[in-house]
Every structure is written in structure tokens, then in C-alpha cells.
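**Student:** Below you'll find the structure I mean.
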Amino acid sequence: MLKSKKDLGNELYQNLGKLFYAMAMADHSIHMKEMEKLNEVVRDHWLEVDDIEDEYGTDSAFQIISVFDWLLEYEKDSEEIHEEFEAFYMDHKILFSPKIKNLALSTSRAIAASFAGSNKSELILLGRLQLLFEK
């Protein structure tokens, strides 16, 4: 069955939540500053990307934060979650417009820089993301 634009939009945001979680968790811990930065960027930038809403009538961009919080609660492995994001990207490249890619990269950079600057594991993930988006 083909998925609706709305379902794919929700999945896109859920997978972006995975990406940003993997970025924040790259150093095996998530700091309050990283979560604050994510919340700020979602409110300031992601909400205006499109007008897709979830089944509760809430802007789908908030799925980013919901998924991030869920992954954090269950302390999911950064590498495993990043691989899930990569697989989603490879299967749904059409959803990733240049605007979405740029915003995903800038959000990832902002999260990485929000606590004590970007560390090596975060920089490696940022590099992987840039390479993935060039595929």
C-alpha cells in the first residue's frame, strides 16, 4: 500500500529525530544544552518547513522531539539509531529536498556545538551525514 504524504512526512520527522539523537548521543551521553538546542531549532526552523500534521493535529515537526525523547528514555545506541536513519534516507531520498538536507546538517552541527564544542565522535557523524547526503 502506498503511504500518504502525511504518513511519509511523519516518518521523515521521526527519522530526523533519530538522526539528531544519534548526533547528541555520539559521545555516549546527552546534555541538557543539546536538548535545549534541539527544542529551539525545531521551534525556530522545522515548524515552517511544511504544514504536515500528525494524527492529533500537531505540527509533525514535533515528532522530532518526541522520537528523540523516547530514544533517550530507552538509552538507545547511537550507532544503531544512526544506521536506521541512513537506511530510511536511502529508501526515501525523494523526501530530502536540498532545504531539508541543509536544515538537517545545520541542526546536527548546532547540537554538536551546543555542549563543549564538537568532539571527535560528533565530527565523524557529521562527516558521515554529509557523505550520505551526497549519494
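The values are calculated or read from the model by the stated rules, or taken from the named source; none is laboratory data. Since this is a predicted model, take the numbers as computed values, not measurements. Cβ placement follows ideal geometry from the backbone for every residue including glycine, while neighbour counts extend to all protein chains displayed.
**Student:** So for region 9-22 (the condition being surrounded by fewer than 18 Cβ atoms within 10 Å (Cβ to Cβ), under 14 Å from the mean Cα position of the chain (by Cα) and not in a loop (DSSP other than H, G, I, E, B)), does at least one residue qualify? Show your work before the answer.
**Tutor:** Kept after step one, since they are surrounded by fewer than 18 Cβ atoms within 10 Å (Cβ to Cβ), are these residues of region 9-22: 11.
Narrowing the set further to residues that are under 14 Å from the mean Cα position of the chain (by Cα) leaves 11.
In the following step, the residues that additionally are not in a loop (DSSP other than H, G, I, E, B) were identified as 11.
Yes: one or more hits.
**Student:** Something else: So, of the residues in region 101-120 that are at pLDDT 95 or above and hydroxyl-bearing (Ser, Thr, Tyr), which turns out to be nearest to GLU40 (Cα to Cα)?
**Tutor:** THR107
**Student:** Can you run down the residue pairs with Cβ atoms below 6 Å, 6 or more apart or on separate chains, where the first is in region 89-109 and on the phi > 0 side of the Ramachandran plot and the partner is aromatic (Phe, Trp, Tyr) and surrounded by 11 or more Cβ atoms within 10 Å (Cβ to Cβ)?
**Tutor:** Here the result reads none, with nothing in region 89-109 linked to a residue that is aromatic (Phe, Trp, Tyr) and surrounded by 11 or more Cβ atoms within 10 Å (Cβ to Cβ).
**Student:** Just one of GLU86, GLU55 is in a helix (DSSP H, G or I) and either more than 16 Å from LYS37 (Cβ to Cβ) or under 15 Å from the mean Cα position of the chain (by Cα) (or both); which is it? Please lay out each step first, then the result.
**Tutor:** Values: GLU55 fails: in a helix (DSSP H, G or I).
Sole residue among the options that is in a helix (DSSP H, G or I) and either more than 16 Å from LYS37 (Cβ to Cβ) or under 15 Å from the mean Cα position of the chain (by Cα) (or both): GLU86.
**Student:** Take the residues in region 27-44 that are over 13 Å from the mean Cα position of the chain (by Cα) and surrounded by 15 or more Cβ atoms within 10 Å (Cβ to Cβ), then tell me which one is nearest to GLN63 (Cα to Cα). Walk me through how you get there before you give the answer.
**Tutor:** Looking only at region 27-44, we keep the residues that are over 13 Å from the mean Cα position of the chain (by Cα), and these are 27-33, 36, 40, 43-44.
Narrowing the set further to residues that are surrounded by 15 or more Cβ atoms within 10 Å (Cβ to Cβ) leaves 27, 30.
Details: ASP27: 23, ILE30: 18 Å.
Looking at the filtered set, the residue picked out is ILE30.
**Student:** I would also like to ask the following. Just one of (1) surrounded by 11 or more Cβ atoms within 10 Å (Cβ to Cβ); (2) within 17 Å of LYS37 (Cα to Cα); (3) at pLDDT below 95; (4) over 12 Å from the mean Cα position of the chain (by Cα) trips up ALA61, so point out which.
**Tutor:** Just one mismatch for ALA61, condition (4).
**Student:** Additional query: Among the residues of region 92-102, is any surrounded by 14 or more Cβ atoms within 10 Å (Cβ to Cβ), among the hydrophobic types (A, V, I, L, M, F, W, C) and closer than 24 Å to ASP27 by Cα? Please lay out each step first, then the result.
**Tutor:** Step one: of region 92-102, the residues surrounded by 14 or more Cβ atoms within 10 Å (Cβ to Cβ) are 92, 95-96, 100-101.
Cutting the leftovers down to among the hydrophobic types (A, V, I, L, M, F, W, C) gives us 95-96, 100.
Still in the running and closer than 24 Å to ASP27 by Cα: none.
The answer is no, given that none of the residues of region 92-102 is surrounded by 14 or more Cβ atoms within 10 Å (Cβ to Cβ), among the hydrophobic types (A, V, I, L, M, F, W, C) and closer than 24 Å to ASP27 by Cα.
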